[in-house]
Amino acid sequence: MNISETKEKILDLYLKSLKITTQDYYHHPVRLVQAVKSIIGVNIEDPIDNLLVFCTNYINKFKIEDSIVLPENNEMPLMVSYKKLEESLLNKDRKEALKALSELNKVSEGSQIFEFFIEYSLKYSNGSLLIIWSIYRMSLFSNRKFVNQEFLLCIDCIVNSTKKLDFKMVNLVSIKNKENLNCIDLYHVLNSVYYSKTVRNEKMRRYLSVFDEYYNKDGSSAEYYSRDVLWNYVNDLKYEDLSVNNILEVDGLRAMMKTVEDEKMNPQELYSIINNYK
């Protein structure tokens with residue numbers, strides 16, 4: 001399968017995953033599709049077919065729900081604000097949240113709304129953060145082709161999430177010791193948000209001050225590993241050895257490698273973990 005066919009396959013899987021309802025946001029198919037897309041992207045000349053097969057089979061385990069559209073309101077509201085959306089989410093009022101979202105959708109471009117969802121999840125340590133970050137990344141990849149379906153899933157994930165994230169417990173030490181199943185994954189999402197080029201980045205960083213402590217050594221003279229290290233690791237795995245957890249873990253390490261290199265940080269602490277995959 002060439003890269004053009006692979007992209008179309010990924011987009012097809014992504015649209016299906018957006019229509020899946022599950023309370024397990026950590027293992028939600030959207031997150032798997034995004035991770036598979038990113039790992040394949042390390043070497044687009046040679047897509048890993050096993051990843052696509054695994055992703056397809058995983059999605060087929062779920063029920064695909066009919067698409068729900070945002071409520072229509074042709075009248076322009078007198079005042080539109082994110083405050084109304086925030087309050088409805090805090091009250092877990094899905095109907096009012098969808099109404100506020102529909103109003104904002106008329107006056108705000110998609111990236112601003114996504115950034116609001118990310119900041120909201122950070123502010124309230126909402127378990128929806130992991131999947132919303134994946135949706136945001138996939139929305140960029142798909143050129144916002146499915147934006148209304150994406151917004152609906154973001155709303156549902158925030159309203160239905162009962163899990164709180166403990167940012168302070170996630171750091172490089174806990175990653176090395178594998179103290180938590182999703183430690184690498186959560187750390188890479190927080191790390192990616194912290195160093196993102198989003199418009200609301202300064203506001204987001206208020207909830208992520210812990211990251212000021214890491215990767216702060218000068219790495220301007222460092223030699224950085226190629227992310228092919230992780231691509232080769234996955235490519236060498238047999239199909240039966242693939243799992244949602246190890247795919248998400250590898251993608252988390254890939255994202256961290258990219259951030260460390262882009263920000264010219266000292267990579268040695270991270271590489272002590274990467275060496276286990278060589």
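Here are some notes:
- Between LYS63 and SER125, the FRET efficiency estimated from the beta carbon spacing at R0 = 30 angstrom works out to 0.50.
- For the chain, the solvent-accessible area of protein heavy atoms averages 49 Å² per residue (probe radius 1.4 Å; ligands and nucleic acids excluded).
- With R₀ fixed at 22 Å, the C-beta to C-beta distance from GLU5 to LYS145 puts the FRET efficiency at about 0.80.
- Per residue, the Cα convex hull of the chain amounts to 132 Å³.
- If the segment from VAL53 to ASN266 were pulled out straight at 0.36 nm per residue, it would be longer than the present Cα-Cα gap by 73.0 nm.
- Prolate/oblate/rounded call for the stretch 78-168, Cα gyration tensor, a/c under 1.5 rounded: oblate
- Here the spin labels are modelled as points 7 Å beyond Cα on the Cα-Cβ line, and at SER243 and ASP166 they lie 2.2 nm apart.
- Relative contact order (%) - the chain, alpha-carbon pairs under 8 angstrom, separation at least six: 21
- Portion, in percent, of the accessible area of the chain that falls on carbon or sulfur, probe 1.4 Å: 46
- Multiplying the residue separation of LYS278 and SER108 by 0.36 nm and subtracting their alpha-carbon distance yields 56.7 nm.
- Between the listed residues CYS157, ILE118, LEU32, the Cα displaced farthest toward the positive end of the dipole of the stretch 27-166, a dipole computed from Cβ unit charges relative to the Cα centre, is found at CYS157.
- Counting every pair of alpha carbons in the stretch 22-67, the share spaced more than 13 Å apart comes to 60 percent.
- Dipole magnitude for the chain: computed about the Cα centre from +1 point charges on Lys and Arg Cβ and -1 point charges on Asp and Glu Cβ, it is near 560 debye.
- Reach of LYS238 by Cα under 13 Å, taken over aspartates and glutamates that are not fewer than 8 positions away in the same chain: ASP49
The values are calculated or read from the model by the stated rules, or taken from the named source; none is laboratory data. Computed from a prediction, not measured in an experiment: that's the story for all the values here. All Cβ positions, glycine included, derive from the backbone under ideal geometry; neighbour counts span all protein chains shown. The accessibility values were calculated without ligands, DNA or RNA, using every heavy atom of the protein model including side chains. Shrake-Rupley method; radii C 1.70, N 1.55, O 1.52, S 1.80 Å.
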